[in-house]
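A quick write-up on the structure given underneath.
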Amino acid sequence: MNALSDTLWASLPVPAFLLDPGDLLAEVNPAAEQFLNASARSMRGAPVFDRLAIDAPLEEAFSRVRRDHAALFINNVDVGSGQRPPMQCNMQIAPMIGMPGFVLVIFEPRQIADRLGRAHSVKTSARSAIGMAEMLAHEIKNPLAGITGAAQLLSMGLSGQDLELTDLIVAESRRIVALLEQVEQFGNLRPPVRSAINVHDLLDRARRTAMVGFAGHMRIVEDYDPSLPPTHVDADQLLQVFLNLLRNATEAAGPAGGRITLRTFYDVALRLRRKDGATGALPLQVEIIDDGPGLPPDLVQDAFEPFVSGRENGTGLGLALVSKIISDHEGWIAVDSVPGRTVFRLSLPVAPKEETA
Ligand SMILES: Nc1ncnc2c1ncn2[C@@H]1O[C@H](COP(=O)(O)OP(=O)(O)OP(=O)(O)O)[C@@H](O)[C@H]1O
Ligand SMILES: [Mg+2]
């Protein structure tokens, strides 16, 4: 095997067994060593049926895979080893390409599948698709940590091109973790806890956070209507909205930087029909305006949809989160973008009188 396949083999977070044409164990991966609590060296050359007790017609399955050159899935098999009690697994058997007669056997222990199955039944009552995604994100992070760790261990003995490959595994795994963390944020989003908030205070907080962090090279100017009454929002969530918009404007500007204008004004024209049928006035307008290249035209329509991104390393969740938060507030968000001028406009409610007293 070459370096990449060695690495992949060692990194696979599920037990994998390579069988030769006579059903002897040709190779087992580290996850399989752990699964059977035995070393690869002690298992190589042993008949697979001596090592694994499986309550499924496996001889028949192996010969079908060898004959049809097609993979086979068997769900809910009990896999025992003599050392420990049987464990429920889903099983995949695949022919090895370029190695006639050899088959690859992979087990997926059932806990993961079971927990997802339970999530599904809960979902019918309350949880949304995002709840499922959050659960999945959580489950993927564990094996991913294993992959990263294994790649880092491997990298210690490597140099040159091989080292580049393990670095790639580590870097890409980190990227997946970052993506999963964003997905989890959705699931963690609680209903807004609102109070009367001065929107300018919040914009200032966002501006300061951005300036000391990701937007140090940007110029951020204020164009406020100081007579604006307090708005009625969850301060933490709205701060997150402002930060996401500032981050997008900064990323669009690129390393050369650019100008962002924070504008507020009063406009009574916009009323939104709420879920309960009543119409709510959204007179407070907050605009975040940048002079960058603008949204890619083919993307404007869907910019608020999850996983829509125009950036190479973007996850496309920033604006989806913004849109979710604003709609939880029964507010409104719109974008208007041409090269040189992109405006994200938020329309927010005024705090009721009794809250501002
Ligand atoms: N101010 C802006 N100027 C130009 N393009 C923008 C701007 N804001 C958003 N976009 C475009 O909209 C896309 C979607 O933005 P969104 O924040 O949802 O995702 P992302 O920034 O790509 O990834 P993430 O925010 O999850 O890291 C961006 O990739 C970018 O192409
Ligand atoms: Mg973004």
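The values are calculated or read from the model by the stated rules, or taken from the named source; none is laboratory data. Treat the numbers as computed from the prediction; the structure is a model and nothing was measured. Cβ sites come from the backbone with ideal geometry, for glycine too, and all protein chains shown count toward neighbours. Quick note on the areas: whole protein, heavy atoms, side chains included, nothing else; ligands and nucleic acids left out. Shrake-Rupley method; radii C 1.70, N 1.55, O 1.52, S 1.80 Å.
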If you check Thr148, Thr166, which single one turns out to be hydroxyl-bearing (Ser, Thr, Tyr) and modelled with pLDDT under 90? Thr148
Residues that are within 12 Å of ligand 2 (Cβ to nearest atom) and under 28 Å from Val193 (Cα atoms): does region 328-344 have at least one? yes
Considering each residue of region 311-327, count those that are polar (S, T, N, Q), without any contact (Cβ under 8 Å) to a residue 24 or more places away in the chain and either within 16 Å of ligand 2 (Cβ to nearest atom) or in contact with a helix residue (DSSP H, G or I) (Cβ under 8 Å, 6 or more places away or on another chain) (or both), and give that number. 1
Kindly evaluate Ile260 against the criterion of being within 16 Å of ligand 2 (Cβ to nearest atom), closer than 30 Å to Arg175 by Cα, open to solvent by less than 40 Å² (accessible area, probe 1.4 Å) and assigned by TED's automatic domain parsing to the domain that holds Ala235. yes
Answer with yes or no whether Glu164 is touching a Leu at 6+ places or on another chain (Cβ under 6 Å) and of a type in the set (D, E, K, R). no
Going through region 1-58 one residue at a time, which ones are free of Cβ contacts under 8 Å to residues at least 12 places away in the same chain, farther than 16 Å from Ser81 by Cα and in contact with a Phe, Trp or Tyr (Cβ under 9 Å, 6 or more places away or on another chain)? Met1
Restricting to region 190-227, give me the number of residues that are open to solvent by less than 40 Å² (accessible area, probe 1.4 Å), out of contact with any Gly (no Cβ under 6 Å at 6 or more places or on another chain) and within 16 Å of ligand 2 (Cβ to nearest atom). 3
Could we say that Gly216 is away from ligand 1 (no atom under 16 Å from the Cβ), over 24 Å from Pro192 (Cβ atoms), part of a loop (DSSP other than H, G, I, E, B) and of a type in the set (Gly, Ala, Ser) here? yes
Taking the condition of a type in the set (Ser, Thr, Tyr) and part of a loop (DSSP other than H, G, I, E, B), does Ser337 pass? no
Tell me the helices (runs of 4 or more DSSP H) entirely within region 1-88 that contain at least 3 residues that are basic (Lys, Arg). 58-68
Just checking, how many residues over region 316-334 are touching a strand residue (DSSP E or B) at 6+ places or on another chain (Cβ under 8 Å), assigned to a loop (DSSP other than H, G, I, E, B) and surrounded by 20 or more Cβ atoms within 10 Å (Cβ to Cβ)? 2
Could we say that Asn313 is of a type outside the set (Phe, Trp, Tyr), within 14 Å of Phe344 (Cα to Cα) and open to solvent by 10 Å² or more (accessible area, probe 1.4 Å) here? no
Residues being among the β-branched types (Val, Ile, Thr), under 12 Å from Ile260 (Cα atoms) and in contact (Cβ under 8 Å) with a residue 60 or more places away in the chain: count how many of those fall in region 217-247. 0
Just one of the numbered conditions (1) modelled with pLDDT of 90 or more; (2) closer than 25 Å to Arg174 by Cα; (3) within 16 Å of ligand 2 (Cβ to nearest atom) is not true of Pro255; which one? (3)
Checking the structure you have, find out if any residue of region 222-235 is touching a helix residue (DSSP H, G or I) at 6+ places or on another chain (Cβ under 8 Å), in a strand (DSSP E or B) and within 16 Å of ligand 1 (Cβ to nearest atom). no
Residue check: is Val193 among the hydrophobic types (A, V, I, L, M, F, W, C) and in contact with a Lys or Arg (Cβ under 8 Å, 6 or more places away or on another chain)? no
Quick check, is Phe344 open to solvent by 70 Å² or more (accessible area, probe 1.4 Å), within 28 Å of the chain's Cα centre (by Cα), within 16 Å of ligand 1 (Cβ to nearest atom) and not charged (D, E, K, R)? no
Looking only at residues in region 287-305 that are under 15 Å from Val241 (Cα atoms) and within 12 Å of ligand 2 (Cβ to nearest atom), which one is most open to solvent (accessible area, probe 1.4 Å)? Phe304
Being within 16 Å of ligand 1 (Cβ to nearest atom) and over 25 Å from Arg175 (Cα atoms), is that true of even one residue in region 267-285? no
